[in-house]
Amino acid sequence: MQNNEIAGAAIDTFDHEPLGDNSPFLQLDNVTITSHMAGSTNDAFRNTQKKLAERLLEWDKKKS
């Protein structure tokens, strides 16, 4: 990104969060930083509990 080998990037997650005020990402004009919103969709709200329950039941079967 610093060498402009990539035209641009949108980034919503980082190794260390929150992103520090001195992060080099904040100085790049070819980077857009957004909030991570994947878990905030209608689909996620409808299905998260069901998927968790299914995974817990699968885990319990393997454990037995």
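The values are calculated or read from the model by the stated rules, or taken from the named source; none is laboratory data. Computed from a prediction, not measured in an experiment: that's the story for all the values here. Don't worry about glycine lacking a Cβ; one is built from the backbone with ideal geometry, like all the others, and counts go over all protein chains shown. Only protein heavy atoms, including side chains, enter the accessible area calculation; ligands, DNA and RNA are left aside. Shrake-Rupley method; radii C 1.70, N 1.55, O 1.52, S 1.80 Å.
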Principal axis box of the chain, alpha-carbon based, largest edge first, Å: 53, 27, 24
Tally Lys/Arg at +1 and Asp/Glu at -1 over every other residue whose Cβ is under 13 Å from the Cβ of L57; what's the total? +3
How far, in degrees from 0 to 90, does helix 42-63 lean away from the longest principal axis of the Cα atoms of the chain, to the nearest 10? 60
Can you give me the accessible area per residue for the chain, using a 1.4 Å probe, in Å²? 92
Counted charge near I33, where neighbours are those whose Cβ lies closer than 13 Å (Asp, Glu -1; Lys, Arg +1): -4
If each of L57 and N3 carries a label point 7 Å out from its Cα toward its Cβ, how far apart are those two points in nm? 5.2
Within the accessible area of the chain, what % is carbon and sulfur when the probe is 1.4 Å and the other protein chains stay in place? 51
